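Each reported figure results from applying straightforward, stated rules to the coordinates on display, with no laboratory input. Owing to the predicted nature of the structure, the values given are computational and were not obtained by experimental measurement. Reconstructed Cβ throughout: ideal geometry from the backbone, glycine too, with neighbour counts over all protein chains shown.
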Amino acid sequence: RGRGGKTVTVIYGLPQNEAFLKGLCSELKRACGTGGAVIDGGVEVQGELRDRVRDALTKNGYVVKG
């Protein structure tokens, strides 16, 4: 929605702390080698990177559902 047809990976269900979300976004962008942004209630990473995001989150101790 509003992305001009580009594919993005969105991560929801995170703590609603702005500083935490910014840090996590930076970490995921570094791990995936792509851009991204903090959006309302989550983190958005450019591209179809579900596997890389899942791996990065599980390495940090997060439980990933999908």
(request) Assess whether L28 counts as being outside any helix (DSSP H, G or I) and surrounded by 12 or more Cβ atoms within 10 Å (Cβ to Cβ). (result) no
(request) Could you list all residues from region 1-23 that are over 18 Å from E48 (Cα atoms) and either in contact (Cβ under 8 Å) with a residue 40 or more places away in the chain or surrounded by 10 or more Cβ atoms within 10 Å (Cβ to Cβ) (or both)? (result) G13, L14, N17, F20, L21, K22, G23
(message) Tally up the residues in region 44-63 that are touching a strand residue (DSSP E or B) at 6+ places or on another chain (Cβ under 9 Å), surrounded by fewer than 13 Cβ atoms within 10 Å (Cβ to Cβ) and in a helix (DSSP H, G or I), please.
(response) 0
(request) State which residue is farthest from V63 (Cα to Cα) when the search covers only region 6-25 and only residues that are outside any helix (DSSP H, G or I) and within 12 Å of the chain's Cα centre (by Cα). (result) V8
